[in-house]
Amino acid sequence: MCAGPPEFCAFLRETVQSSLVITMKGFSRITVDPRVCNGKPCIRGLRFPVSRLLGLLAAGETKESILKAYPYLEPEDIDEALRYAAALASASMKLFTLWMWDWIGLPMRS
């Protein structure tokens, strides 16, 4: 709760809210905002989660059919969602590998 003048409080509220939007490092089209889709990574701040786009692709939808069904999406959005999924899979595999090395007692590699 802000106890200052209303103009200052409005400015402060807007500043804090706008700083909540995070653009994923290396992924300019993927944003995370706790006020949009419960903070799930979304395409360009739209209420279109990356997971939904990946689910459409996994279900066999083509890039062209997705772009036709969702005209506000751009081809680069789909490309970036796929790169993002690949990066997540790679990071998850690295963490799993480190966990396995630790679990079986092998020395950690740098």
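The values are calculated or read from the model by the stated rules, or taken from the named source; none is laboratory data. Keep in mind that this is a model prediction, so the values were computed, not measured. For neighbour counting, all protein chains shown are included, and Cβ atoms are generated from backbone atoms with ideal geometry for every residue, glycine included.
Tabulated data for the structure shown
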read-out: Among residues of the range 21-39, those that are crowded, with 16+ Cβ neighbours inside 10 Å and among the charged types (D, E, K, R), counted; value: 2
read-out: Subset of the range 39-72 (residues that are part of a loop (DSSP other than H, G, I, E, B) and in contact with a Pro (Cβ under 9 Å, 6 or more places away or on another chain)); value: 40, 41
read-out: Residue tally, condition of a type in the set (S, T, N, Q) and in contact with a Lys or Arg (Cβ under 8 Å, 6 or more places away or on another chain), over the range 28-55; value: 2
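Per-residue answers, yes or no, for (1) hydrophobic (A, V, I, L, M, F, W, C); (2) modelled with pLDDT of 90 or more:
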position	(1), (2)
15	no, no
36	yes, no
45	no, no
50	yes, yes
60	no, yes
